[in-house]
Amino acid sequence: MSEAGVATRTVVVEKELAHAPEKVWRALTEGELIARWLMANDFKPVVGHRFQLRTQPVGGWSGVIDCEVLEVVASQRLSYTWNTMGVDTVATFTLTPTAEGTALRIEQSGFSEAQEQNYKGAMYGWRSFVGKLESVVNEMNEGETR
Amino acid sequence: MATAAATRDAVFKALADPTRRALFEQLSRAGEQTVVVLTARAGVSQPAVSKHLRVLKRARLVNGRREGRETHYSAQPKALAPLMDWMEFYGKFWAERFDALDEVLKEMKG
């Protein structure tokens with residue numbers, strides 16, 4: 001059931017990189033470097049800047065992601081909206097210095113922190129919600145033969 | 001027949017609202033309930049609950065079963081599948097992108 005477990009959380013991917021946070025930060029925020037690992041873009045590390053990430057269209061998808069920069073903390077934290085095919089999400093990168101270099105983490109969730117803050121009763125926050133999904137899905141899978 | 005993208009969009013939009021998430025959770029946990037019971041727990045008016053239930057129904061997250069004068073609502077967790085697919089897709093996507101990033105870092109000077 002480990003596959004289902006992974007699939008039911010907010011998307012979080014972490015990677016250890018043998019490079020200093022300042023260098024990783026450049027790769028996350030300089031347009032030409034972003035293009036080499038992510039997508040063609042007109043990114044600028046300025047809060048409020050709207051930009052697009054572009055890749056090859058596939059099937060019914062335009063290959064365009066509309067973004068707006070939400071947070072820029074040099075060498076520590078970068079957050080932007082990630083809107084495509086009518087689904088509005090937020091991607092947040094966090095850089096933590098380690099003995100070997102940098103622990104890079106991306107967290108992508110369906111709802112922005114601003115939306116969450118509108119509702120202070122964190123009981124029904126996105127994080128707790130996706131946590132609970134796991135039990136719902138497990139029950140669902142138990143009731144079926146796959 | 002709704003397209004996969006439209007279905008996913010409806011599920012995301014339905015769950016973007018905290019009150020609707022709470023209603024969906026409540027129905028997932030407690031099984032079938034009426035609007036009256038849901039309203040007592042939701043902390044918003046009955047018309048508001050009914051409106052939220054309509055959005056959840058459109059996204060097929062909730063089903064309504066009419067019995068006499070009352071409708072009994074139940075959660076349809078299978079409708080969460082587009083959300084699960086989305087999470088799985090982006091999990092793989094970022095893992096691959098981070099590998100590519102590592103290559104770029106190796107090629108960078110300084």
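Every number in this text was worked out from the coordinates using simple rules, so none of it is lab data. Quick caveat, the model's predicted, so the values are computed rather than measured. Note: ideal-geometry Cβ built from the backbone for every residue, glycine included; neighbour counts use all protein chains shown.
For the residue pairs B:K13/B:K78; A:K44/B:K13; A:K44/B:K92; A:K15/B:K109, the alpha carbons lie more than 24 Å apart in A:K44/B:K13; A:K44/B:K92. With R₀ set to 35 Å, the beta-carbon distance separating B:A100 from B:A48 gives a calculated FRET efficiency near 0.15. Remark: A:S109, B:S45 ranked as B:S45, A:S109, counting other beta-carbon atoms within 10 Å and listing the fewest first.
If R0 is taken as 25 Å, the Cβ-Cβ distance between A:E32 and A:V12 corresponds to a FRET efficiency of 0.35. Inter-chain Cβ neighbour count for B:28-35, averaged per residue, equals 1 (cutoff 10 Å, partner chain atoms only).
Counts of other chain beta carbons within 10 angstrom of each beta carbon in peptide A:38-48 average 1. Counting, for every residue in B:16-24, the Cβ atoms of other protein chains within 10 Å of its Cβ and taking the mean gives 5.
Scalar couplings 3J(HN,Hα) for region B:45-59, obtained by applying the Karplus form with A = 6.51, B = -1.76, C = 1.60 to θ = phi - 60°, are 5, 4, x, 5, 4, 4, 5, 4, 5, 5, 5, 5, 5, 4, 7 Hz; x denotes Gly and Pro. Given their separation in residues at 0.36 nm each and the Cα-Cα distance between them, A:A74 and A:Q56 gain 3.5 nm when the chain is fully extended. Each label was represented as a point 7 Å from its Cα along the Cα-to-Cβ direction; for B:H72 and A:E22 these points are 6.7 nm apart. Once C-alpha pairs closer than 8 Å and six or more residues apart are averaged by separation and normalised to the residue number of region A:32-98, the relative contact order reads 20 percent.
List the relative contact order of region B:1-77 as a percent without decimals, with contacts defined as Cα pairs under 8 Å and 6+ residues apart. Don't jump to the answer; show the numbers that get you there.
Values: 84 pairs, mean separation 26.3, N = 77.
For region B:1-77, the relative contact order is 34 percent.
Dipole orientation for chain B: of the candidates B:T34, B:P18, B:G91, B:T34 has the Cα lying most toward the positive pole (charges on Cβ; Lys, Arg +1; Asp, Glu -1).
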